[in-house]
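J.: Structure incoming, see below.
Where a number appears in this text, it was derived from the coordinates with a stated rule and is not lab data. From a predicted model like this one, the values you see are computed outputs, not experimental measurements. Reconstructed Cβ throughout: ideal geometry from the backbone, glycine too, with neighbour counts over all protein chains shown.
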Amino acid sequence: MAPPSHLAYVPFISVENMMRLVHSIGIETVLRELADAIEHDFTRWPLFDKTPRIGSHSDLGVIELMPTSDGELYGFKYVNGHPTNTKQGLQTVTAFGLLAQVSSGYPVLLSEMTVLTALRTAATSAMTARHLAPRDAKVMALIGNGAQSEFQALAFKAVVGIEEVRLYDIDSAATRKCAANLAQSGLRVTPCGSSQEAMEGAQIVTTCTADKQYATILTDNMIGDGIHINAIGGDCPGKTELHRDILLRSDIFVEYPPQTRIEGEIQQLPEDYPVTELWKVITGEVEGRRSASQITLFDGVGFAIEDFSALKYVYTRALETGHYQHLDMIADPDDPRDLFGMLTRAGVEAP
Ligand SMILES: NC(=O)c1ccc[n+]([C@@H]2O[C@H](COP(=O)([O-])OP(=O)(O)OC[C@H]3O[C@@H](n4cnc5c(N)ncnc54)[C@H](O)[C@@H]3O)[C@@H](O)[C@H]2O)c1
């Protein structure tokens, strides 16, 4: 059988190559570069195709498709969210994604995105905090110490300048794991016995818990003036982390309102409750933090443009570093209208 032509091959970043890529660049550099790449795409926001992600819900979780395009490239991510998975030794979130040329429709990259989603979520959170958190923030409470947690801690160190993380999880084994993973990070790591204790002295709180219900990870009395809340665990209908009273005291910033109103903390509020679109803060059209006493809330659910930016970033970096392989993914007949002939000739030639 003749070997496939170069048109058949699509660069593929496997999990192994993603890990090599991150190690060769350095995780904090990756997080900083990703934060800048996502911020840049937020300044181009009006250019992108936008739609709330397409979710397929079950009692145990959700499977979602997240498409977007900037007119030159098209991208999508497949991602799941299954909070009870960890009880069976499976992850809550797994993902992969693709970039394609709009001009031809041909894919240019297929990539693992489980690791990349954790990186891009942390980079988005930290980039957002750069605009909304108090300027002198040095201490962050981190509630929920699962798969996303170390990425969040490192992104806030690299992008925002956080020096201490105060950890809490209902499962103390998760906190021990997170503390051990961050032991050499240069962060001061303080395991705590409750959310309340984790909040002591913190100027930023990140909630990244997983529970498929209206949970109350933080109550109103825990939130002092001037705090920035980075709430990323409430990202599905019927799955939130904050008491409604906190929302009523906060200025709320979101990625794409039509998606966040379905999935975010603000599903607890009326549909016309005022929120600010983050991209407008980034372009300077709207003010972010206006005062030292203001409570800012990033109601982050994760939007397709962040995955698009992340895929574009790793595409460039993979081609530069060689950390990818070629997948024989696109059928490429000699005559583009003779797909059938290609198939039948392969049958004749096969041993
Ligand atoms: N917004 C986004 O872009 C985005 C991206 C990725 C993941 N997520 C969400 O972030 C959350 C965390 O994801 P993960 O991969 O780290 O999940 P995970 O299952 O690995 O970790 C979640 C942790 O939360 C803890 N937890 C659950 N209820 C708690 C409570 N009441 N108080 C304190 N801790 C509690 C669990 O014990 C667990 O250790 C999930 O809900 C996921 O859907 C959001």
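J.: I need the phi-derived Karplus couplings for the stretch 39-48: 6.51 cos²θ - 1.76 cosθ + 1.60, θ = phi - 60°, integer Hz, Gly and Pro marked x.
T.: With the stated coefficients, the stretch 39-48 comes to 4, 4, 5, 5, 6, 9, 2, x, 5, 7 Hz.
J.: May I pose another question? At a Förster radius of 45 Å, what calculated FRET efficiency corresponds to the Cβ-Cβ distance of Asp332 and Asp36, to the nearest 0.05? Before the final figure, lay out each step's value.
T.: Details: r = 36 Å, r/R0 = 0.80.
After rounding to 0.05, the efficiency reads 0.80.
J.: What percent does the relative contact order of the stretch 207-351 come to when contacts are Cα pairs within less than 8 Å and at least six residues apart?
T.: On the way: 192 pairs, mean separation 35.7, N = 145.
Over the stretch 207-351, the number comes to 25 percent.
J.: Of Lys77/Lys212; Lys239/Lys280; Lys77/Lys312; Lys50/Lys280; Lys50/Lys312; Lys177/Lys212, which pairs sit farther than 19 Å apart, going by alpha carbon to alpha carbon?
T.: Numbers: Lys77/Lys212 22 Å; Lys239/Lys280 27 Å; Lys77/Lys312 13 Å; Lys50/Lys280 16 Å; Lys50/Lys312 17 Å; Lys177/Lys212 23 Å.
Those over the limit are Lys77/Lys212; Lys239/Lys280; Lys177/Lys212.
J.: Using Cα-Cα distances under 8 Å and only pairs 6 or more residues apart, what relative contact order does the chain have, in percent?
T.: Working: 715 pairs, mean separation 75.7, N = 351.
It rounds to 22 percent for the chain.
J.: Give the relative contact order (percent, whole number) for the stretch 134-302; include only Cα pairs under 8 Å separated by 6+ residues. Don't skip to the end; give the middle numbers.
T.: Details: 352 pairs, mean separation 36.6, N = 169.
In percent, rounded to a whole number, it is 22.
J.: I've got another one for you. Between Leu47, Thr344, Phe151, whose Cα lies farthest towards the positive end of the dipole of the chain when Lys and Arg beta carbons carry +1 and Asp and Glu beta carbons carry -1, centred on the Cα centre?
T.: It is Phe151, whose Cα lies furthest towards the positive end.
J.: Could I ask something else about it? Got a sec? How would Tyr324, Tyr9 order by Cβ neighbour count within 10 Å, fewest to most? All intermediate terms of the calculation are to be shown ahead of the outcome.
T.: Numbers: Tyr324 23, Tyr9 15.
Fewest-to-most ranking of Tyr324, Tyr9: Tyr9, Tyr324.
J.: Let me ask another. So how tilted is helix 172-181 from the main axis of the chain? Cα-based, degrees 0 to 90, rounded to 10.
T.: Helix 172-181 and the main axis of the chain meet at about 70 degrees.
J.: Antiparallel versus total DSSP beta bridges in the stretch 134-302: what percent is that, nearest 5?
T.: Details: 1 of 29 bridges.
About 5 percent, rounded to the nearest 5.
J.: Note the angle between two axes, namely the Cα long axis of helix 114-132 and the longest principal axis of the Cα atoms of the chain, as a number of degrees from 0 to 90, rounded to the nearest 10.
T.: Compared with the principal axis, the helix lies near 40 degrees.
J.: Of Val205, Ser291, Ala137, which is farthest along the charge dipole of the stretch 134-302 in the positive direction, counting Lys and Arg as +1 and Asp and Glu as -1 at C-beta?
T.: Looking along the dipole axis, the top candidate is Ala137.
J.: 5 Å is the cut-off here: which amide hydrogens, built 1.01 Å from N in the peptide plane, fall below it relative to Val102, excluding neighbours closer than 5 in sequence?
T.: Leu73, Tyr74
J.: Anyone know which of Gly105, Gly146, Gly302 comes out most mobile in the 10 Å Cα GNM of the chain?
T.: Answer for the Gaussian network model of the chain: Gly105.
J.: Compute the separation of the alpha-carbon centres of the stretch 45-80 and the stretch 209-257 and state it in Å as a whole number.
T.: So the separation of the two Cα centres works out to 22 Å.
J.: Under the Karplus relation 6.51 cos²θ - 1.76 cosθ + 1.60, θ = phi - 60°, what is the ordered set of whole-Hz ³J(HN,Hα) values for the stretch 254-270, x standing for Gly and Pro?
T.: 9, 7, 10, x, x, 7, 5, 5, 7, 10, x, 4, 6, 4, 7, 10, x
J.: If you count the DSSP beta bridges with both ends in the chain, what percent of them are antiparallel, to the nearest 5?
T.: On the way: 29 of 59 bridges.
Around 50 percent antiparallel, to the nearest 5.
J.: Note down the magnitude of the dipole of the chain about its Cα centre, charges +1 on Lys and Arg C-beta and -1 on Asp and Glu C-beta and zero elsewhere, to the nearest 20 debye. If you can, show how the numbers build up before the last one.
T.: On the way: 28 positive and 45 negative charges, 120 e Å.
Dipole size: approximately 580 debye.
J.: Specify the angular offset, from 0 to 90 degrees and rounded to the nearest 10, of the alpha carbon long axis of helix 15-25 from the longest principal axis of the alpha carbons in the chain.
T.: 60 degrees
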